[in-house]
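First comes the structure, then the notes that go with it.
We did not get these values from a lab; they are worked out from the coordinates using the rules stated. Computed from a prediction, not measured in an experiment: that's the story for all the values here. Cβ coordinates were reconstructed from backbone atoms using ideal geometry, including for glycine residues, and neighbour counts include every protein chain displayed.
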Amino acid sequence: MMGHRILARSATILILAAALLAGIGCGGGSDTTTTSGPTAVFTPDTASPGAGTIALLSGTGNGAAITVRVTVTGVNSFFGTAFRIQYDPLALLFTGMTTTGSFLRDNVTDADVLFSEDHASVPGEVVITATRLNPTTALPVDVTATSDLLVLSFTARKVIVAASTEGRLDFGDPKQVCDGTVSGSGCGPIAVTWSGGGVSAQ
């Protein structure tokens, strides 16, 4: 009698195990359902920058990934710049910098310009340098119409409410623009207005 009960219980366990395996094998329902991330959008603080402005403007977008253009408008004798872009690393992931379309590359060789970025030293901050190297062989640029200095790429890590602080992209201090001359211990400074913006992701 005891042996019969043990056999019956063993059979029940085997049937349950088989049903479980069958459920796993079948995927337990539709296995074609996919989840998509948020769609990100960048909104500039200044959509139409005036003269003497370095502004972040919208680039391209693909789902959660976006590009943000760092632009210059109406700045004469632009030789180089160094600045920081600050962002919330819990909301945004920095994925790279592109300089192929930079006005600093016009009419000079690659050896005449320097572009660098450091996003690893301080979380939530990208330190950027973009400059020509020798003002005697690569003259400063008179920038009239809004032109791209470089393009930054970000990916939204989560849903970001429009106009929220976690979606902000801002220029942090210190930041400067130079005309290629020497002034004191540094370069000849150019006064500009810096304008950021914000990312939303829904």
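Anything in the stretch 152-192 that is among the polar types (S, T, N, Q) and out of contact with any Pro (no Cβ under 8 Å at 6 or more places or on another chain)? List them, or say none.
Ser153, Thr155, Ser164, Thr165, Ser185
Which members of the stretch 78-106 meet the condition of being of a type outside the set (A, V, I, L, M, F, W, C) and within 24 Å of Pro140 (Cα to Cα)?
Listed by number, the residues that qualify are Gly80, Thr81, Arg84, Thr98, Thr99, Thr100, Gly101, Ser102, Arg105, Asp106.
In the stretch 111-143, what residues are hydroxyl-bearing (Ser, Thr, Tyr), farther than 30 Å from Gly63 by Cα and part of a strand (DSSP E or B)?
Matches in the stretch 111-143: Thr131 only.
Can you tell which of Gly124, Gly198, Gly180, Gly186 is more than 12 Å from the chain's Cα centre (by Cα) and surrounded by 14 or more Cβ atoms within 10 Å (Cβ to Cβ)? Working first, answer last.
Working: Gly124 fails: more than 12 Å from the chain's Cα centre (by Cα); Gly198 fails: more than 12 Å from the chain's Cα centre (by Cα); Gly186 fails: surrounded by 14 or more Cβ atoms within 10 Å (Cβ to Cβ).
On inspection, the qualifying residue turns out to be Gly180.
With respect to Ala163, is the statement that it is under 19 Å from Thr43 (Cβ atoms), surrounded by fewer than 14 Cβ atoms within 10 Å (Cβ to Cβ) and out of contact with any His (no Cβ under 7 Å at 6 or more places or on another chain) true?
When the stated conditions are applied, Ala163 passes them.
Determine if the stretch 158-168 includes at least one residue that is among the polar types (S, T, N, Q), within 28 Å of Gly50 (Cβ to Cβ) and not in a strand (DSSP E or B).
Yes: one or more hits.
For the stretch 162-202, name all the residues that are closer than 20 Å to Thr71 by Cβ and without any contact (Cβ under 8 Å) to a residue 40 or more places away in the chain.
Correct list: Pro189 only.
Which ones in the stretch 146-157 are surrounded by fewer than 20 Cβ atoms within 10 Å (Cβ to Cβ), of a type in the set (Val, Ile, Thr) and not in a loop (DSSP other than H, G, I, E, B)? Working first, answer last.
Start the filter on the stretch 146-157 by keeping residues that are surrounded by fewer than 20 Cβ atoms within 10 Å (Cβ to Cβ), which leaves 146-148, 153, 155, 157.
Okay, now just the ones that are also of a type in the set (Val, Ile, Thr), so 146, 155.
Result: Thr155, single match.
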